[in-house]
1. Residues that are crowded, with 18+ Cβ neighbours inside 10 Å, out of contact with any helix residue (DSSP H, G or I) (no Cβ under 7 Å at 6 or more places or on another chain) and at pLDDT 95 or above: does segment B:2-16 have at least one?
2. How many residues does segment A:352-366 contain that are closer than 15 Å to residue A:330 by Cβ and not in a strand (DSSP E or B)?
3. Among the listed residues B:6, B:21, B:14, identify the single one that is within 14 Å of chain A (Cβ to nearest Cβ), within 15 Å of the chain's Cα centre (by Cα), closer than 29 Å to residue A:236 by Cα and in a helix (DSSP H, G or I).
4. Could you say which residue among B:50, B:70, B:37, B:28 is touching a residue at least 60 places away in the same chain (Cβ under 8 Å), surrounded by fewer than 18 Cβ atoms within 10 Å (Cβ to Cβ) and touching a helix residue (DSSP H, G or I) at 6+ places or on another chain (Cβ under 9 Å)?
5. Restricting the search to segment A:95-124, which residues are under 20 Å from residue A:55 (Cβ atoms) and crowded, with 16+ Cβ neighbours inside 10 Å?
6. Can you find a residue that is at pLDDT below 90, in contact with a helix residue (DSSP H, G or I) (Cβ under 8 Å, 6 or more places away or on another chain) and assigned to a helix (DSSP H, G or I) anywhere in segment A:153-170?
7. Looking at A:63, A:54, A:38, can you tell me which residue is in a helix (DSSP H, G or I) and surrounded by 20 or more Cβ atoms within 10 Å (Cβ to Cβ)?
8. Taking the options A:3, A:45, A:29, name whichever one is out of contact with any strand residue (DSSP E or B) (no Cβ under 7 Å at 6 or more places or on another chain) and modelled with pLDDT of 85 or more.
């Protein structure tokens, strides 16, 4: 039972409403129980009237009163406004009288930068009678702001990590393009080479044609006969030009088309998508454009056998999958020493699609096999592999909720199986 | 007549090279005609070389069955004196070094090439006093130098020192 030493007379007030309850036989017992309950609550709880005279305060409230006005020592704090000028604002009290209750945070300063943050709840519990609970949330709020700060730090770190990961992926992509650069350069330089040379030839042909026209004009003006025109024709090799010009033009056009196609394939491959660009895509298209680029590299050593099944559209990040295909195909090509066969097979297995890439190259020794997906693991000479290709491929396939498995027999070849769900789980 | 052997796995390149070579004025070759034989397969080119001597070989570097250095090495076995050129878009440094060291390349021309560069290289290598003749003559020139019979020393277009003596030609 509370003794409320410092606060005389609250008892009566506190129990008044309860006492007013009609016909409660056990009201006294109930009142005692409630009082015990309120006394036991660690939240400062008090009752006061319109004049802010305290009618009841539980022990936690008395602790609060002392905290608010330590200089008053054990002197009774009968009036709420004496506790601390900021604890109960007239505005809050007014709002409570109007609406029945009011809640808010109150910051109490104690000088020397000390302050407390309190969560105050006011309620009108009877005519001219208010209940008030006050909870000290200084620590909570410090913890909360600490938490906010830590969270912000984590978010920054996460963003940095994401940026770094994106960078690693992009640089791996560029590294694989770099490895292809020689092949691509060759493939572009060839058509550019003959188109360029053909243009020089065409320039020569055209000046030949113009001089033919001039000779004809002169012959016409001179009223020359068939023998003269024939000799002009032969001298300027017009029959040859008539045959070669269309051929030269169609070969040059073919060259330009080839360059356009290579550039388009490279753009398809290297396009950087925002990571949220999940779309329904035809995996065969990605495989084809990747094969087109890598073909420049592979055609000198491998034959590619494509066996494409009927695939549904797959929900995916196409350019990321292209990077997986590129890594896997490059590895297959590099496994082949002189000449070999690379197989690319697609099929449907239930609600998943399957892409198998096989080669009849060197194979992977059993002790190396478990490590091939480890980041930075590479058996290639320094400078020719980042050791990230399969690690990144693994990451990309996992992001697609798919699986990537590898099996290999040294001396016979390697099979890599990628399985991807047609639709991503929601 | 000068015979040139062209090898490239790309027929369009062969056609363009032919057209380019056709622009050479026979006057620049001291009135000698130019005959070009072109092959997309290095093996067939080698077969042909067993029965026909050439005055110049121009090969691609990157070809499916055999690379340019392998081809020119085989060509060297068949016709050691023929000047060898590579015309390639494959700009790998190691490949160029291998080509120079292993088959004593006379010229490396990158793709895309400028027609006038190709023409001047070809003329240089074919012309009397150019590549083939010069190679043969330089062996003699050393003797001439020691016997102080060299009467004229000049630098040619590509910076090589050309040794001429009045009675050598």
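1. Pass one, segment B:2-16, residues crowded, with 18+ Cβ neighbours inside 10 Å: B:2, B:4-10, B:12-16.
Within this subset, residues satisfying the condition of being out of contact with any helix residue (DSSP H, G or I) (no Cβ under 7 Å at 6 or more places or on another chain) are B:9, B:14.
Now drop any that are not at pLDDT 95 or above, which leaves B:14.
Yes.
2. 3
3. Working: B:6 fails: in a helix (DSSP H, G or I); B:14 fails: within 15 Å of the chain's Cα centre (by Cα).
The unique qualifying residue is B:21.
4. On the way: B:50 fails: touching a residue at least 60 places away in the same chain (Cβ under 8 Å); B:70 fails: touching a residue at least 60 places away in the same chain (Cβ under 8 Å); B:37 fails: touching a residue at least 60 places away in the same chain (Cβ under 8 Å).
Answer to the selection: B:28.
5. Our first condition is that a residue be under 20 Å from residue A:55 (Cβ atoms); within segment A:95-124, this holds for A:96-97, A:100-102, A:120-124.
Residues satisfying the conditions are A:96, A:102, A:120, A:121, A:122, A:124.
6. Yes, the conditions are met somewhere in segment A:153-170.
7. Numbers: A:63 fails: surrounded by 20 or more Cβ atoms within 10 Å (Cβ to Cβ); A:54 fails: in a helix (DSSP H, G or I).
Exactly one of A:63, A:54, A:38 is in a helix (DSSP H, G or I) and surrounded by 20 or more Cβ atoms within 10 Å (Cβ to Cβ), namely A:38.
8. Numbers: A:3 fails: modelled with pLDDT of 85 or more; A:45 fails: out of contact with any strand residue (DSSP E or B) (no Cβ under 7 Å at 6 or more places or on another chain).
Of A:3, A:45, A:29, the one residue that is out of contact with any strand residue (DSSP E or B) (no Cβ under 7 Å at 6 or more places or on another chain) and modelled with pLDDT of 85 or more is A:29.
The values are calculated or read from the model by the stated rules, or taken from the named source; none is laboratory data. Computed from a prediction, not measured in an experiment: that's the story for all the values here. Cβ sites come from the backbone with ideal geometry, for glycine too, and all protein chains shown count toward neighbours.
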